[in-house]
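**Student:** First the structure, which I've put down as structure tokens, then a few questions once you've had a look.
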Amino acid sequence: MTTVKATYAKQNFGTCIAEAVKHPVVIEKSGRPAVVIISYEEYQRLNELEEAMWLHRAQAAAAGGYLSAEDSDDFMQKRLTRVSEK
């Protein structure tokens, strides 16, 4: 992983992009990490991992007796109807 200052990144953006294709580039602002540039492939991989994690959590919640999205919507609609009738 490469770390560069924000001024360097601004002046050498093409170089930072070329580096980010190989490995993440951390950009520091005021001496602290501010952002990371990653390749598009790495971005897609991370998104797929996040989606898999949320799917796993949703399946675990459903297996554990939590309400499905449809059941949750029905429940909220009934609650809202009761409140509006008062």
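**Student:** Give me the angle, in degrees from 0 to 90, between the Cα long axis of helix 13-22 and the longest principal axis of the Cα atoms of the chain, rounded to the nearest 10.
**Tutor:** Once rounded, the angle reads 70 degrees.
**Student:** Separate question: For the chain, give the magnitude of the charge dipole about the Cα centre (Cβ charges: +1 Lys/Arg, -1 Asp/Glu; no others), in debye to the nearest 20. It would help to have the intermediate numbers written out before the result.
**Tutor:** On the way: 11 positive and 12 negative charges, 109 e Å.
Charge dipole, the chain, about its Cα centre: 520 debye, nearest 20.
**Student:** May I pose another question? For the chain, what is the mean residue ellipticity at 222 nm derived from helices alone (per DSSP H run of n ≥ 4: -39500 (n - 2.57); sum divided by total residues; nearest 500 deg cm²/dmol)? Please report the intermediate quantities before stating the final value.
**Tutor:** Numbers: 4 runs with 57 residues, N = 86.
Roughly -21500 deg cm²/dmol at 222 nm, from the helical runs in the chain.
**Student:** I want to make sure I understand the PRE zone here: with the label point 7 angstrom from the Cα of Phe13 toward its beta carbon, which residues in segment 35-58 have backbone N atoms less than 20 Å away?
**Tutor:** 35-41, 43
**Student:** What net charge do the residues around Thr2 carry, taking every other residue with its C-beta under 13 Å from that of Thr2, with Lys and Arg at +1 and Asp and Glu at -1?
**Tutor:** Working: positive: Lys5, Lys22; negative: Glu19, Glu28.
That sum, taken over residues with Cβ under 13 Å, equals 0.
**Student:** Still on this structure, please answer the following. Based on the Cβ-Cβ distance of Val26 and Ala62, what FRET efficiency does E = 1/(1 + (r/R0)^6) give at R0 = 41 Å, to the nearest 0.05?
**Tutor:** Working: r = 38 Å, r/R0 = 0.93.
Using R0 = 41 Å, I get an efficiency of 0.60.
Each reported figure results from applying straightforward, stated rules to the coordinates on display, with no laboratory input. Since the model is a prediction, treat every value here as computed from it, not as a measurement. Neighbour counts run over all protein chains shown; Cβ positions are idealised from the backbone, glycine included.
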